[in-house]
Amino acid sequence: MDKSESTKIEMGESSKLERKLGKAPLLGSPSHAISSGVPIVANNKRVGNYKKGISIFDLILRIASVATSIGAAVGMATAGETLPFFTQFFQFEAGYDDLPTFTFFVIAMSIVVAYLVLSIPFSIVCIARSHVVAPRLLLIIFDTVIITLTTSAAGASTAIVYLAHNGNQDANWLAFCNQFGDFCQTTSGAVVAAFITIVLLLILIVLSAIALKRH
């Protein structure tokens with residue numbers, strides 16, 4: 001009697017254990033792998049949407065930078081004024097090519113415009129394929145070079161514009177913006193547009209760095 005009861009108990013416990021094992025998911029089973037991979041897929045999708053949003057904002061800023069850099073280059077290149085009075089031997093006029101710094105400014109900003117236009121397709125590639133690293137890395141490298149060029153041109157031109165407005169008594173440099181008001185106003189506007197371009201480029205570099213960090 002004891003043997004039969006013990007046999008029944010063992011059989012009952014083994015059947016219960018089998019039912020528990022049958023209901024419990026195995027670690028190596030496909031269902032467990034699929035269920036555990038869902039958060040990873042969702043996280044990757046979330047990161048992809050985040051990068052795509054950054055890339056769209058990057059494209060908008062690049063188009064705005066093209067506009068400001070064109071304004072700076074064209075504004076400085078068209079800066080010129082001729083006074084209404086002249087003598088028998090002299091005609092009083094001022095142009096950007098009279099000052100080497102302003103000539104450098106026009107050349108530098110023209111290079112900036114060309115680069116920004118050429119960088120737009122790379123920005124579009126980053127939108128279409130947000131997980132690709134190479135285009136974003138190229139953009140951040142060349143953006144850094146271009147912002148250096150823009151800063152040097154804008155900084156040098158700012159010094160000339162300041163002297164044109166205020167002069168320098170120690171060096172006996174007279175302010176000539178009282179006579180060439182339109183010329184000074186145009187060159188000042190071009191320098192301001194260049195500094196706006198610098199700010200936009202700085203934001204672009206930060207966005208690229210964030211996108212690479214999130215990779």
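The values are calculated or read from the model by the stated rules, or taken from the named source; none is laboratory data. Since we're looking at a predicted model, the values are computed, not measured. As a convention, Cβ positions derive from the backbone with ideal geometry for all residues, glycine included, and neighbour counts pool all protein chains shown.
Determine whether Val191 is within 11 Å of the chain's Cα centre (by Cα), of a type outside the set (D, E, K, R) and at pLDDT 90 or above. For Val191, the condition - within 11 Å of the chain's Cα centre (by Cα), of a type outside the set (D, E, K, R) and at pLDDT 90 or above - is not met.
A quick yes/no check of all residues on (1) of a type in the set (A, V, I, L, M); (2) in contact (Cβ under 8 Å) with a residue 60 or more places away in the chain; (3) part of a helix (DSSP H, G or I); (4) more than 19 Å from Gly75 (Cβ to Cβ):
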| site | (1), (2), (3), (4) |
| --- | --- |
| Val113 | yes, no, yes, no |
| Val117 | yes, no, yes, no |
| Leu138 | yes, no, yes, yes |
| Thr148 | no, no, yes, yes |
| Ala159 | yes, no, yes, no |
| Asn178 | no, no, no, yes |
| Ala190 | yes, yes, yes, no |
| Thr197 | no, yes, yes, no |
